[in-house]
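One structure is given below, encoded as structure tokens.
The values are calculated or read from the model by the stated rules, or taken from the named source; none is laboratory data. Since the structure is predicted, the reported quantities are computational estimates derived from the model, not experimental observations. Neighbour counts run over all protein chains shown; Cβ positions are idealised from the backbone, glycine included. Areas reflect the complete protein model, heavy atoms only, side chains present, ligands, DNA and RNA absent. Shrake-Rupley method; radii C 1.70, N 1.55, O 1.52, S 1.80 Å.
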Amino acid sequence: MQNIDLHNHSRISDGLLTPTELVALAAKNGVTTLALTDHDDVEGLAEARTAAAAVGIRLINGVEISVTWGNHTLHILGLNIDSLQADLVNGLQSVRQGRLERAQRISDELAKGGIEGALAGALRYAGNPNIVARPHFARYLVEQGVARDVPAVFKRFLVKGKMGYVKHRWADLGDAVAWIRAAGGVPVLAHPGRYEVGRASMDNLIDEFVAAGGQGLEVVTGSHTREQVERFAAHAAKRQLYASRGSDYHGPGESYFEPGKIPPLPLQCMPVWTAWGETQIQ
Ligand code: AMP
Ligand code: MN
Ligand code: MN
Ligand code: MN
């Protein structure tokens with residue numbers, strides 16, 4: 001029985017576990033194929049590959065690229081990438097540079113609201129100084145006692161309209177998709193149910209993604225309701241796109257679903273892993 005989970009984070013981005021610890025947990029949970037998909041960085045893949053070989057599971061090289069589409073931030077998974085390919089490496093480098101500059105602006109905004117030292121505080125939680133993400137700020141805000149836990153921080157801080165939010169321009173959709181394709185990977189629109197776009201805009205978004213070279217939708221993911229699973233399975237079927245399955249695991253206490261503990265893909269789906277020769281349905 002296969003258990004394929006293609007969306008997971010480590011300390012190389014905003015996850016809490018090292019790549020080795022993540023692989024060990026996935027193996028314990030019965031995952032047979034795991035993708036490590038850190039935000040905007042592929043630095044964890046080498047360690048994950050060694051750990052996966054040691055416990056006898058298959059590792060798929062992945063990344064989750066931050067993209068700006070109109071007023072929206074989208075996340076595009078690149079699955080089964082050549083993580084050394086130059087276009088991808090250079091593109092991710094440019095996204096990471098933007099991240100550091102944004103982290104300084106987030107810190108400045110929090111300071112205006114009376115919360116000092118946030119950049120240094122967030123950096124203490126970041127496993128990789130090149131990827132300072134909002135969860136690192138959130139953990140620092142919990143430490144400072146301004147909220148009980150990370151989800152509570154995201155209700156009152158760091159999001160549109162709240163203290164500590166800053167606008168930022170990430171990669172262009174077409175560029176991110178092109179980097180993934182250049183690296184031989186499959187571009188998959190991550191957690192489409194999380195984007196606050198209406199039904200018509202969602203069709204436009206998927207159409208643009210496909211026109212740019214996008215090839216799959218993440219149908220089953222930790223944040224999708226059953227209704228969203230069915231809806232995005234239908235979107236994928238209508239356009240003959242691949243369907244992906246990934247927990248979007250970030251670590252103990254920060255995710256509802258552990259690696260491998262999410263539902264199977266609906267039967268009508270064309271699983272993305274068939275693109276690289278996995279033969280199992282689930
Ligand atoms: P960033 O890329 O720095 O904007 O950080 C985005 C990350 O913050 C996402 O990948 C999630 O891990 C986390 N995140 C975003 N919104 C929430 C939320 N409402 N609750 C908890 N975590 C969130
Ligand atoms: Mn994240
Ligand atoms: Mn995401
Ligand atoms: Mn993710």
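Results, tabulated for the structure shown:
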{"quantity": "First in region 225-246 and basic (Lys, Arg), second anywhere and at pLDDT 95 or above and in a helix (DSSP H, G or I), Cβ under 8 Å, 6 or more apart", "calculated": "Arg231/Gly193; Arg239/Ile206; Arg239/Val210"}
{"quantity": "Out of Glu208, Glu258, sole residue that is at pLDDT 95 or above and assigned to a loop (DSSP other than H, G, I, E, B)", "calculated": "Glu258"}
{"quantity": "Residue list for region 37-56, restricted to those being in contact with a strand residue (DSSP E or B) (Cβ under 6 Å, 6 or more places away or on another chain) and either of a type in the set (Phe, Trp, Tyr) or without any contact (Cβ under 8 Å) to a residue 40 or more places away in the chain (or both)", "calculated": "Gly44, Leu45, Ala48, Arg49, Ala52"}
{"quantity": "When residues of region 19-36 are limited to those that are touching a residue at least 40 places away in the same chain (Cβ under 8 Å) and outside any helix (DSSP H, G or I), the one nearest to Val188 (Cα to Cα)", "calculated": "Ala35"}
{"quantity": "Conditions (1) open to solvent by 30 Å² or more (accessible area, probe 1.4 Å); (2) in contact (Cβ under 8 Å) with a residue 40 or more places away in the chain; (3) away from ligand 3 (no atom under 16 Å from the Cβ): number failed by Arg134", "calculated": "(3)"}
{"quantity": "Residues of region 78-128 that turn out to be within 20 Å of Trp170 (Cβ to Cβ) and of a type in the set (Phe, Trp, Tyr), as a count", "calculated": "0"}
{"quantity": "Given (1) away from ligand 4 (no atom under 16 Å from the Cβ); (2) more than 16 Å from Pro252 (Cα to Cα), index of the condition Thr18 fails", "calculated": "(2)"}
{"quantity": "Residue within region 54-67 that is out of contact with any Gly (no Cβ under 6 Å at 6 or more places or on another chain) and on the phi > 0 side of the Ramachandran plot present", "calculated": "yes"}
{"quantity": "Where Gly246 falls short, out of the listed (1) open to solvent by less than 20 Å² (accessible area, probe 1.4 Å); (2) within 16 Å of ligand 3 (Cβ to nearest atom); (3) small (Gly, Ala, Ser); (4) out of contact with any His (no Cβ under 6 Å at 6 or more places or on another chain)", "calculated": "(4)"}
{"quantity": "Residue satisfying condition, being crowded, with 19+ Cβ neighbours inside 10 Å and of a type in the set (Phe, Trp, Tyr), within set Tyr140, Tyr165", "calculated": "Tyr140"}
{"quantity": "Subset of region 61-105 (residues that are part of a strand (DSSP E or B) and open to solvent by less than 10 Å² (accessible area, probe 1.4 Å))", "calculated": "Gly62, Val63, Glu64, Ile65, Ser66, Val67, Leu74, Ile76, Leu77, Gly78, Leu79"}
{"quantity": "Count of region 196-237 residues which are open to solvent by less than 20 Å² (accessible area, probe 1.4 Å) and over 18 Å from Tyr249 (Cβ atoms)", "calculated": "11"}
